[in-house]
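Below: the structure, in structure tokens.
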Amino acid sequence: MLKITDFQALKKVETPFYYYDIDLFNQTADTAAAISAETGIQIHYSVKANTDRRLLEILSSKGFGADCVSGNEVEFAVACGFKPEDIMFAGVGKTDKEIFQALQMGIGSFTVESLEEIAIVGEYAGRLGRRVNISLRINPNIDPHTHQYVTTGLYEDKFGISDISFDAAMETMRRYPLIDFYGLQFHIGSQIMEVEDVFAMVCRKANQIVSLFESKGLVVNNIDLGGGLGVDYDDPDGHPIPDFDVWLRTIKKHLVHRPDQRLHVEPGRAMVAQCGSLITRVLYVKKGENRRFLMVDAGMNDLIRPALYGAYHKIENLTAYYEDENKRKGRVYDVVGPVCESADTFGTQRVLVKSYRGDLIAIRSAGAYGQVMASHYNMRPFAPAVYSDRISEGPRRKDYFAQQ
Ligand SMILES: Cc1ncc(COP(=O)(O)O)c(C=O)c1O
């Protein structure tokens, strides 16, 4: 069950909101940092997973770098304390404005995804008279055995440069004197659970490609294995901190590298998923013809993963646990939101305790690709962030009945 530091204070907060467990977040970041230091594999947090200012400030203060995929992410990462030289700017469709601004800011490197992009970055570097580090994102044509929407390393995917274009990519880089070839980046997908098998396979492929580039006279100073470490959505309390140890040790073991080569990873989900929950309140318990619906006040606009990917999130009744000691009987519900779409469903046929109007519900493991993917659909407001150590600072709930 989700650990709440002060349930009485939580009850007074206007729902829905994202609840971030700051202790767990710190422990996760410290665990990742310790294994990074031991293995010598540097971590650039993939900002896209969660851009909450407080979380970013904590990560920058702990010395992580940032992996960004838009100009706004680059700017915001700097505003949150990341040093420009510790920022890598990836993304398959960077605009001219984004390239220009990132060059002016002096970011660490661009991770480029096409020959066309190499040329544009090279042109702008020439016009600005600035040297630029370029990593090539490689499409290694590897299946990570994950959801098709989060697979990124197959020929069919829009990402990266495949072996067919390696010679042309090298040739294009040589045409721009201010381009410094920095290294190679491999990211094949997200929510990877078969960590050892899949990353051993990525490393074997990376070894071949690194050798190929070096045989053609390009020194690969940086090897970046991307993100992708999966988290346990079924049992967030059993596995609150993802297995950074297995991940980084697998990479260290299988990636052939020289002492002077820098190794990197870019985890997003693994850093933030388990510390975040979407907290929502039961509006109505609706008895349908053959289903019982728990209508809650959060919708797919707040957390789109179930609607977009059919993603599973554990759902818990906090009120039953914290106020009734979970003495209530079990019931089967479809947990649905108020948005005018049938896809606005957080879980179907879920066994929960008997729930009532006003109960607080937690949708767990929502810290990654949750708040950042929220929209105003149906003109609904954005759910704010509330932190475990500052619950009383959350927006106050008004009791409209009491006002009559
Ligand atoms: C290039 C790149 N790096 C890192 C990540 C972070 O992945 P994850 O959140 O699975 O760790 C992504 C996510 O899609 C990505 O595209």
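The values are calculated or read from the model by the stated rules, or taken from the named source; none is laboratory data. Treat the numbers as computed from the prediction; the structure is a model and nothing was measured. Ideal geometry is used to build each Cβ from the backbone, glycine not excepted, and the neighbour counts take in all protein chains shown. Each accessible area value is taken on the protein alone, full model and side chains, heavy atoms only, with ligands, DNA and RNA left out. Shrake-Rupley method; radii C 1.70, N 1.55, O 1.52, S 1.80 Å.
For the stretch 174-209, the set of residues classified as farther than 23 Å from Asp86 by Cβ and among the hydrophobic types (A, V, I, L, M, F, W, C) consists of Ile188, Ile192, Met193, Val195, Val198, Phe199, Ala200, Met201, Val202, Cys203, Ile209, listed by residue number.
Take the residues of the stretch 29-57 that are polar (S, T, N, Q) and under 14 Å from the mean Cα position of the chain (by Cα): which is surrounded by the fewest Cβ atoms within 10 Å (Cβ to Cβ)? Ranking the candidates gives Thr51 first. Please go through (1) in contact (Cβ under 8 Å) with a residue 60 or more places away in the chain; (2) β-branched (Val, Ile, Thr); (3) crowded, with 23+ Cβ neighbours inside 10 Å for Ile142 and return the number of the only condition it doesn't satisfy. If we test Ile142 against (1) in contact (Cβ under 8 Å) with a residue 60 or more places away in the chain; (2) β-branched (Val, Ile, Thr); (3) crowded, with 23+ Cβ neighbours inside 10 Å, just (3) comes out false. In the stretch 186-206, of all residues being within 14 Å of the ligand (Cβ to nearest atom) and closer than 14 Å to Lys252 by Cβ, the one that is most open to solvent (accessible area, probe 1.4 Å) corresponds to Val195.
For the stretch 207-247, filtered to residues that are open to solvent by less than 20 Å² (accessible area, probe 1.4 Å) and assigned to a helix (DSSP H, G or I), the residue that is farthest from Ala33 (Cα to Cα) is Phe213.
Every residue, every condition in (1) within 16 Å of the ligand (Cβ to nearest atom); (2) at pLDDT 95 or above, yes or no:
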{"position": "Leu56", "(1), (2)": "yes, yes"}
{"position": "Cys68", "(1), (2)": "yes, yes"}
{"position": "Asn72", "(1), (2)": "no, yes"}
{"position": "Ala79", "(1), (2)": "no, yes"}
{"position": "Gly91", "(1), (2)": "yes, no"}
{"position": "Ile107", "(1), (2)": "yes, yes"}
{"position": "Phe110", "(1), (2)": "yes, yes"}
{"position": "Val121", "(1), (2)": "no, yes"}
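Close contacts from the stretch 38-55, counting a first residue that is hydroxyl-bearing (Ser, Thr, Tyr) and a second that is part of a strand (DSSP E or B), with Cβ to Cβ under 6 Å and a gap of 6+ residues or different chains, come to Tyr45/Ala66; Ser46/Asp67. Here Glu341 qualifies as over 17 Å from Leu10 (Cα atoms) and of a type in the set (Asp, Glu). Cβ separations smaller than 6 Å between residues 6+ apart or across chains give the following pairs from the stretch 226-237 residues that are within 14 Å of His313 (Cα to Cα) to residues that are open to solvent by 20 Å² or more (accessible area, probe 1.4 Å) and of a type in the set (Phe, Trp, Tyr): Tyr233/Tyr312.
Take Gly276 and decide whether it is near the ligand (Cβ under 10 Å from one of its atoms), touching a residue at least 12 places away in the same chain (Cβ under 8 Å) and closer than 30 Å to Ser388 by Cα. Judged against the criteria, Gly276 is not a match.
With the condition kept exactly as written, say whether any residue in the stretch 306-313 is open to solvent by 10 Å² or more (accessible area, probe 1.4 Å) and touching a strand residue (DSSP E or B) at 6+ places or on another chain (Cβ under 6 Å). The answer is yes, given that some residue of the stretch 306-313 is open to solvent by 10 Å² or more (accessible area, probe 1.4 Å) and touching a strand residue (DSSP E or B) at 6+ places or on another chain (Cβ under 6 Å). Among the residues here, Gly268 does not qualify as open to solvent by less than 10 Å² (accessible area, probe 1.4 Å), within 16 Å of the ligand (Cβ to nearest atom) and farther than 28 Å from Gln185 by Cα.
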